[in-house]
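Here's the structure we're looking at; comments come further down.
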Amino acid sequence: MATVAENGLFPPIVDSYMPAIPENQLLLEGIKVKLNLNYNVLGGDDGVKSFHLSLTRQSNYRSAFDSTNYARGVYITGTCVVDPNNSNIVTVTIPYTILQATGASEDNQLCFNEYYKLQARFSTDTNPGYTGTQLSTYLTDETNLAKFSEWSTVCLVRFIETPNLQTKVNGQDPAELQVLNIDSSNVALAGKYVHHVQPDTSLFYGQTDEEFLNRFKVIVKDSEDEVVYSSDYLNIDLNSINEINYTIPYYFNVGNYTLQLWYETANLYSDIETFPQLNVNYNSNTWGTQSVVQEMTGVNNILGKVNISFIPFDENTTVPAGSQFVIRRGSDEDNFAIWDEVYKHTLTEALTGTDMISFDDYTVESGILYKYEISYIDNSGVSPVRYTIVEGPAMTIFDHAFLTGEGTQLCVKFNPSVSGYQTNVADSMVTTLGSQFPYTQRGSDMYYRTFSLSGTIAYEMDEQHMFASRTSIYGDWIQVYGSYFVNHYMNQQNDRITQRKFREIVERYLYNDTPKLFRSTPEGNILVKLTNISFSPKNEIGRLVYDFSCTATEIGEPSIANCKMYQIQDFGD
């Protein structure tokens, strides 16, 4: 039950923490403290007329206020700003001028990498505006104590250096860009969070701030200020801390765009950087959209893939070594607005006009329309040509289910079964003594799928022998094994040796520690980790083949970025 002071005031309600406060914001705005009136009212005979605030360094319990004028560690103000959307919320400001200044000891002066405990209380007395001895006398006078509420709970405050985010767009300073000349439809954004050597103000004891980036988000707007692309919230890679490296998978056409970068630090300071409007153009007047010479798009429903094969130029043209081909893919899920790079190939030797480049895309999803774009950049980097597949969208409807990964895939063809399919969320039921019905509470953003997968393992399940063939199983001894099988009347119905060796390969594939891309027409694409794997022989046919079962747990979005990270297939260079 809430504590009520003698005068009837409830203590303020404060957040348990506030976002970190940068130096420049502290100098310009002071410390903005949001208080919930907690059933109290402003003004009137018994209402809140002033606010008491304290700020204490957690490591040594010393006040952060100027010790000469605020010896008791309390600052009083009668000024507040009422939230226009919620009259129960007021904002009170602690000015930076009352904080410890240069000359104070290290123990007293403000420091980075420290938490400060902020507390507040209400008073029915008008703001006396006292400092020094008058303030100390006022706060210790017992006749005044009855005018104050209890102190609030603690709100944690942390100070950081003025954020310094150095950014590049395709390797160029965005402040100097007027026309962004690009060699492909993608734009690369790079940023680095840089620490200062010394603080900007003498308020802080000289030391280096240890704040670091936590996550970011990229937004693209068109000339009409409409959002045409927005990434998810992306966590910073721990291997390149304080660095942002992101290729925007949006299909940029010639025109004007605005790029925005939202970022958040470890202690929840956030800001958005808006770059000057970019006029996107292509590097060369020779860039154009052309039909690919001798291009073929093949759809294979049995293997669940799309094949792109093309001869880029006529037979009289030689493509020099060092030139690069990039294949990008768009889908109807976003109306072909976002194009992911699915293959990149740099020529190590010259390519003649009769040589074919081929790419198999095993990350396609059943029932989705895809289009492919091929970009060519010669080794000088200034004569790009973009091709677009002109045969229309490609779509596969899988005949079977697949476990794709490590540049291969296992076709679950015989007796496939998916059971126990469920989406996991952090919901809990809370029962109360005073209510007939319970209420639900969701504790986190957890949202992932799990299901049981089973099927029969047989050499014949491997359509077109992509996973393993007799040649790969027996190697140089295939002819010896073949002769032995013929002489002993072994055939497809009783070849236990081949079935066993194939099953051992499947077992290693299922048990290894790499995620797989589960693909099927009923369930779509799900990036999973397999656990609880077991094998059961089919005794009714003499243990010729085995059944397998496992638990598949979703571990992320089946995006191209994740597929590249887990090496689901060959993406080229």
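Residues that are surrounded by 10 or more Cβ atoms within 10 Å (Cβ to Cβ) and either free of Cβ contacts under 8 Å to residues at least 40 places away in the same chain or basic (Lys, Arg) (or both) within segment 233-243 comprise Tyr233, Leu234, Asn235, Ile236, Asp237, Ser240, Ile241, listed in sequence order. Just a yes or no: is a residue in segment 285-304 in contact with a strand residue (DSSP E or B) (Cβ under 6 Å, 6 or more places away or on another chain), modelled with pLDDT of 85 or more and either outside the structural domain of Gln409 (by TED's automatic domain parsing) or not in a loop (DSSP other than H, G, I, E, B) (or both)? Yes: one or more hits.
Taking the criterion of being among the β-branched types (Val, Ile, Thr) and either under 24 Å from Ile338 (Cα atoms) or exposed (fewer than 15 other Cβ atoms within 10 Å of the Cβ) (or both), the residues of segment 529-573 that qualify are Thr531, Ile533, Ile541, Ile555, Ile560, Ile568. Residues that are surrounded by 13 or more Cβ atoms within 10 Å (Cβ to Cβ) and without any contact (Cβ under 8 Å) to a residue 60 or more places away in the chain: does segment 42-53 have at least one? Among the residues of segment 42-53, at least one is surrounded by 13 or more Cβ atoms within 10 Å (Cβ to Cβ) and without any contact (Cβ under 8 Å) to a residue 60 or more places away in the chain, which makes the answer yes.
Listed by position, the strands (runs of 3 or more DSSP E) contained in segment 12-117 that have at least 1 residues being of a type in the set (Phe, Trp, Tyr) and assigned by TED's automatic domain parsing to the domain that holds Ser136 are 50-57, 75-77. Mind checking which residues of segment 348-381 are in a loop (DSSP other than H, G, I, E, B), in contact with a Ser or Thr (Cβ under 6 Å, 6 or more places away or on another chain) and either at pLDDT below 85 or among the aromatic types (Phe, Trp, Tyr) (or both)? Ala350, Gly353, Met356, Tyr362, Asp378, Asn379 - these are the residues of segment 348-381 that are in a loop (DSSP other than H, G, I, E, B), in contact with a Ser or Thr (Cβ under 6 Å, 6 or more places away or on another chain) and either at pLDDT below 85 or among the aromatic types (Phe, Trp, Tyr) (or both). Tell me which residues, restricted to segment 237-271, are at pLDDT 85 or above and assigned to a loop (DSSP other than H, G, I, E, B). Selection gives Asn242, Ala266, Asn267, Leu268, Tyr269. Residues considered: Asp83, Asp66. Of these, the only one that is at pLDDT 90 or above and within 48 Å of the chain's Cα centre (by Cα) is Asp83.
Contact map, segment 209-230: first residue farther than 13 Å from Leu165 by Cα, second residue exposed (fewer than 14 other Cβ atoms within 10 Å of the Cβ) and among the charged types (D, E, K, R), Cβ cut-off under 8 Å, separation 6 or more or different chains; pairs are Lys217/Asp232. Among residues of segment 137-158 that are assigned by TED's automatic domain parsing to the domain that holds Leu26 and under 19 Å from Asp46 (Cβ atoms), those with a Cβ under 7 angstrom from a residue that is at pLDDT below 90 and of a type in the set (S, T, N, Q), sequence gap 6+ or separate chain, pair up as Ala146/Asn7; Lys147/Asn7; Glu150/Thr3.
The values are calculated or read from the model by the stated rules, or taken from the named source; none is laboratory data. Just so you know, these numbers come straight off a predicted model, no measurement behind them. Virtual Cβ from ideal backbone geometry, glycine too; neighbours counted across all protein chains shown.
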